[in-house]
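Peer 1: This structure is in structure tokens; I'll ask about it shortly.
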Amino acid sequence: MTKFSDDLIKEVKDYYNNNKNKIIGEVLVKSAYKKDFIKKKKFSAQNLADHFGLTISQAKRMLHVK
């Protein structure tokens, strides 16, 4: 398991808490049997992992374990 410094963990948690559930974009979803609708994309742990260059598992571990 990779060990991370406490400063990096604090930075990751602060960044996540400041941005979680913010809408980062909208996507038009076309459906064959229902009306078309717009789906709003929210900030998630995957966006956090991409921003810091981590895997999704490492990002989730930083948020929930420490």
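Peer 1: State whether one or more residues within segment 34-41 are part of a helix (DSSP H, G or I), closer than 25 Å to HIS64 by Cα and at pLDDT 85 or above.
Peer 2: Scanning segment 34-41, I find no residue that is part of a helix (DSSP H, G or I), closer than 25 Å to HIS64 by Cα and at pLDDT 85 or above, so the answer is no.
Peer 1: I want to confirm something. Restricting to segment 39-66 and keeping residues that are over 12 Å from TYR16 (Cβ atoms) and hydroxyl-bearing (Ser, Thr, Tyr), which single residue is surrounded by the most Cβ atoms within 10 Å (Cβ to Cβ)?
Peer 2: Filtering first and then ranking leaves SER57.
Peer 1: Kindly evaluate LYS3 against the criterion of being within 11 Å of the chain's Cα centre (by Cα) and not in a helix (DSSP H, G or I).
Peer 2: no
Peer 1: State yes or no: is LEU54 part of a helix (DSSP H, G or I), of a type outside the set (Asp, Glu) and within 16 Å of the chain's Cα centre (by Cα)?
Peer 2: Numbers: part of a helix (DSSP H, G or I): no; of a type outside the set (Asp, Glu): yes; within 16 Å of the chain's Cα centre (by Cα): yes.
No.
Listed here are the residues, each with its yes/no results for (1) part of a helix (DSSP H, G or I); (2) among the hydrophobic types (A, V, I, L, M, F, W, C); (3) modelled with pLDDT of 90 or more; (4) on the phi > 0 side of the Ramachandran plot.
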site: TYR16; (1), (2), (3), (4): yes, no, yes, no
site: ILE24; (1), (2), (3), (4): no, yes, no, no
site: LEU48; (1), (2), (3), (4): yes, yes, yes, no
site: LYS60; (1), (2), (3), (4): yes, no, yes, no
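Peer 1: Here are the criteria: (1) more than 30 Å from PHE4 (Cα to Cα); (2) loosely packed, with under 10 Cβ neighbours inside 10 Å. Tell me which single one ASN17 does not satisfy.
Peer 2: In the conditions (1) more than 30 Å from PHE4 (Cα to Cα); (2) loosely packed, with under 10 Cβ neighbours inside 10 Å, ASN17 misses (1) alone.
The values are calculated or read from the model by the stated rules, or taken from the named source; none is laboratory data. Not measured: the values here are computed from a predicted model. Cβ atoms come from the backbone with ideal geometry, glycine included; neighbour counts cover every protein chain shown.
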